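Only one structure is covered here, and it is reproduced in the block below.
The values are calculated or read from the model by the stated rules, or taken from the named source; none is laboratory data. Bear in mind the structure is a predicted one, so any value in this text is a computation, not a measurement. Every residue, glycine among them, receives a Cβ derived from its backbone with ideal geometry; neighbour counts consider all protein chains shown.
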Amino acid sequence: MKSAVAPPNICIYRGEHLQATMSFFEEIEEAIRLRSPVMIDFSQCQSINAAAAVITFAKITRYQLIADYVGMPNGHQSLKIQLPNDKNVRAFFRSTGFHEAIRPGGKAKLKRLWDDEDNPFKTSNSAEPDLPALIRHLKKRLGKVPGKLMSALSEGYLNINHHAYPRDLIEDLFGRWWQYTSSIRPNGTFSVVLYDCGIGIPLSLDGKLSREKKWHTDDFAIEYAMEKGNSRHADNHGRGNGFHNIKKPVDINKEAKHLFIASGKGTVIYKDQKIDKSEMYPNYSFGGTLIEWCFDGEDK
Amino acid sequence: MSNIREVDISVGAFSKTPYGRYEIDGKSNGSAFRDNILAPAFKNPDIDKVNVYLDTVEEGYEYGSSFLEEAFVGLVRKCNIDADTVRKKLNLITIHNDYLIEVSEYLSKV
């Protein structure tokens, strides 16, 4: 059995943890490609942050769905989980709902997760998501939901359904998104993360950008997508407003901290109505698109 | 006595959580709302004013631009209704000014 060994700090924000975290994700991806049984080994794990937790949740459940779909001998049971050695980290995995989200299971587990309003890890590929359930879930987690967060999420789901995946993908994965809503931490901060395992913004815009520009990097492609009115369509035709919705929770809420987007091999941080930081990681791919709305709970 | 002939449309009667642009986005999409509910009223020469009540949806729900653009601007782009007619007849009723600004902005550019 292959092993995918989680590093002590599963984190995509900080450069010193990025390489080991990406290698861990790649090991899970390799097990998916090889249709190989795999042990996800969290034994050395000391910490996992929100964005990395969502990507881990996505990679593991993607493996489980594919294992059932392709008829691997033990189906989703082909993926085993080794929990952290540290009992505090183990307790953290359980109390946050992360263990429930990644434990062995297939579609029935994902349905249970969806129905469990207390679990912050959600995934769906329904063409018309159960918005009332999502509204209830956000209210339960956050109390007062930041303005325009709900519309940002629903435009995010639409973008994923329309653009993120190739049409020939298996039904259980096409249009699928993974979401995590943190609780409000003691320092008042909280975040909401939306992730898909699709082709990424840079590739979905590649044709259009290649026609308009001779050369572009992935972070540039994300910045381009964030500009109002820009869509992958040649003439836009009233499209390209979705990202405007996605930026809005950060633009209009005084407690908003920033918007973090990782797609393809690029990342962009948006705050105070402008791009704050834009980076390219030539050696790593985020395996889709991740959007995180961060709030600090303090007046600007 | 006013001679203006009006019709009232509640989005909430169509769906409590309108979502998306097209049929592939589910039954509560903007095209369905436009084609089945809005367009007949806008095409009817006997109606001068179409009052659309936006705030009749699920509590906590927020409109996405996909639905708004497809439903209202689509009247011009897809139903071949003159943009001036849409602007003149449309009366959005909501406490959320940003929806009014957004739809107005889309209609000014169509």
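Side notes on the structure shown:
- Among the residues examined, A:Ala152 does not qualify as hydrophobic (A, V, I, L, M, F, W, C), within 22 Å of A:Ile201 (Cα to Cα) and in a loop (DSSP other than H, G, I, E, B).
- Top-ranked residue of the stretch B:50-86 - restricted to ones that are free of Cβ contacts under 8 Å to residues at least 40 places away in the same chain, more than 8 Å from chain A (Cβ to nearest Cβ) and surrounded by 15 or more Cβ atoms within 10 Å (Cβ to Cβ), ranked as farthest from A:Leu134 (Cα to Cα): B:Ala83
- Test: residue in the stretch B:10-21 that is exposed (fewer than 15 other Cβ atoms within 10 Å of the Cβ) and more than 14 Å from chain A (Cβ to nearest Cβ): yes
- Residue within the stretch A:175-191 that is away from every other protein chain (no Cβ under 11 Å) and among the charged types (D, E, K, R) present: yes
- Look at (1) more than 11 Å from every other protein chain (Cβ to nearest Cβ); (2) within 10 Å of the chain's Cα centre (by Cα); (3) farther than 27 Å from A:Arg176 by Cα and you find that B:Arg5 fails only one, number (2).
- Matching residues in the stretch A:165-196 - criterion: being assigned to a loop (DSSP other than H, G, I, E, B) and crowded, with 24+ Cβ neighbours inside 10 Å: A:Arg176
Table: residues versus (1) small (Gly, Ala, Ser); (2) touching a Gly at 6+ places or on another chain (Cβ under 8 Å); (3) under 25 Å from A:Ser126 (Cβ atoms).
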{"residue": "A:Phe42", "(1), (2), (3)": "no, no, no"}
{"residue": "A:Phe57", "(1), (2), (3)": "no, no, yes"}
{"residue": "A:Gln77", "(1), (2), (3)": "no, no, no"}
{"residue": "A:Leu83", "(1), (2), (3)": "no, no, no"}
{"residue": "A:Val89", "(1), (2), (3)": "no, no, no"}
{"residue": "A:Ser95", "(1), (2), (3)": "yes, no, no"}
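- Test: residue in the stretch B:18-34 that is aliphatic (A, V, I, L, M), at pLDDT below 95 and in a helix (DSSP H, G or I): yes
- The set of residues from the stretch A:126-140 being out of contact with any helix residue (DSSP H, G or I) (no Cβ under 8 Å at 6 or more places or on another chain) and either buried (at least 20 other Cβ atoms within 10 Å of the Cβ) or away from chain B (no Cβ under 13 Å) (or both) comprises just one member, A:His137.
Residue by residue, here is whether (1) at pLDDT below 95; (2) surrounded by fewer than 24 Cβ atoms within 10 Å (Cβ to Cβ); (3) within 14 Å of A:Leu79 (Cα to Cα) holds:
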site: A:Glu26; (1), (2), (3): no, yes, no
site: A:Leu34; (1), (2), (3): no, yes, yes
site: A:Phe42; (1), (2), (3): no, no, yes
site: A:Ser47; (1), (2), (3): no, yes, no
site: A:Ala58; (1), (2), (3): no, no, yes
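- Output for the stretch B:31-49, where each listed residue is within 14 Å of chain A (Cβ to nearest Cβ) and either within 18 Å of B:Arg87 (Cα to Cα) or over 12 Å from the mean Cα position of the chain (by Cα) (or both): B:Phe33, B:Arg34
- Single condition A:Asn159 does not satisfy, out of (1) of a type in the set (S, T, N, Q); (2) at the interface with another protein chain (Cβ under 10 Å from one of its Cβ atoms); (3) farther than 30 Å from A:Asp68 by Cα: (3)
- Among the residues of the stretch A:60-100, those identified as part of a helix (DSSP H, G or I), surrounded by 17 or more Cβ atoms within 10 Å (Cβ to Cβ) and aliphatic (A, V, I, L, M) are A:Ile60, A:Leu65, A:Ile66, A:Ala67, A:Val89.
- Test: residue in the stretch A:196-206 that is over 20 Å from the mean Cα position of the chain (by Cα) and either modelled with pLDDT under 90 or within 14 Å of chain B (Cβ to nearest Cβ) (or both): yes
- Pairs linking a residue in the stretch A:20-41 that is assigned to a loop (DSSP other than H, G, I, E, B) to a residue that is among the acidic types (Asp, Glu), with Cβ atoms under 9 Å and 6 or more positions apart or on different chains, are A:Ser36/A:Glu30.
- Some residue of the stretch A:70-88 being modelled with pLDDT of 95 or more, over 26 Å from A:Ile222 (Cβ atoms), within 20 Å of the chain's Cα centre (by Cα) and among the small types (Gly, Ala, Ser): no
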